[in-house]
């Protein structure tokens with residue numbers, strides 16, 4: 001939806017009276033302040049022409065007041081944005097580069113009016129920057145310092161604080177030469193050390209070969225096997241390790257031995273266990289028909305159902321069940337509390353189980369105890385003889401037990417002489 005334009009009624013007197021006071025910081029009455037706001041709204045809405053500065057340029061009415069109002073110390077008499085522009089526009093105001101340490105002339109003997117200490121004409125003895133000599137150049141006329149290049153200019157704020165002002169980048173080539181010479185000497189020294197070690201090793205090997213010719217046939221070393229010290233960094237992987245102080249490059253070792261067969265190569269059948277290459281997981285057993293004593297990998301689900309993974313699963317299930325029953329428990333928010341409650345739950349459960357077992361044993365007895373059992377229970381037979389027919393009905397020896405009701409029979413309450421009550425018969 002398009003917004004309706006704001007319509008403000010501004011009189012000509014208000015425009016003429018307030019147009020002169022936009023730049024002023026003098027006190028305004030409430031009425032003047034209201035008229036000022038109305039005028040600003042009208043300028044923003046385009047009903048009144050924009051304000052002009054002293055150069056005749058229009059001032060954008062949407063500029064905030066803290067930018068458009070000039071500071072008090074500039075004594076601005078008319079509205080202007082000159083204080084926002086670069087008012088030091090003189091191109092020769094700043095010469096922020098000079099020749100640092102430049103020399104212009106090298107004298108061979110002392111000249112009249114020169115520095116008595118070093119012999120340069122560009123300064124006197126009081127402002128000389130050289131170490132005070134025991135006998136100045138005025139008297140010895142030796143080791144005359146060259147005249148410095150003197151420049152007169154005015155630096156701006158940045159030029160005064162520029163630490164690289166006057167720096168010549170070509171002088172850095174000397175630093176590079178020093179480092180290259182040092183590196184070359186270091187490389188040469190290391191090469192000499194390696195050659196020396198190699199010569200010593202060859203001499204020892206010759207002595208060992210002479211002494212162990214007889215033992216070589218007995219102890220043959222498999223050439224396919226690699227020394228452990230040489231394959232130490234075989235599975236080294238450079239990764240970004242997250243630390244408390246930020247990411248830092250660290251060494252993470254891959255713990256899988258490279259001689260092991262990869263899990264996706266154990267069974268090449270297309271319809272065997274699914275392998276996810278992104279997460280490197282294979283949940284099912286790739287070889288279900290193989291002897292369990294011979295295979296070393298039974299699928300990722302095998303590790304999920306054993307050890308601490310199973311305990312964590314039980315803890316999570318207990319936390320969810322307790323939360324659903326109204327307990328204020330959460331695995332991520334308070335893991336210690338959840339674990340403590342789960343531990344208490346297991347203790348109470350074991351107590352209840354043992355209590356139930358004791359109640360049953362107390363009521364029915366314990367067959368594993370050392371107490372003497374009754375004779376009929378011990379031998380599993382009795383003196384009573386019962387005779388059955390082919391269908392399993394009792395012929396003689398024991399009367400058939402009739403099923404009894406939970407209600408008492410042949411007892412009439414409240415002076416009744418027969419069974420009384422209401423019953424249902426013939427839909428009535």
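Summary of computed values
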item	result
Anisotropy class of segment 93-189 from Cα gyration tensor, a/c 1.5 cut	oblate
Residue exposure sequence - 330, 416, 427 - by fewest surrounding Cβ within 10 Å	427, 416, 330
Per-residue Cβ neighbour rank within 10 angstrom, fewest leading, 48, 317	317, 48
Exposure proxy order (Cβ contacts within 10 Å, fewest to most) of 128, 118	128, 118
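All of the numbers you see were taken from the coordinates with simple rules; none came from a lab. All values reported here derive from a predicted model rather than from experimental measurement. We place every Cβ from the backbone using ideal geometry, glycine too, and count neighbours over all the protein chains shown.
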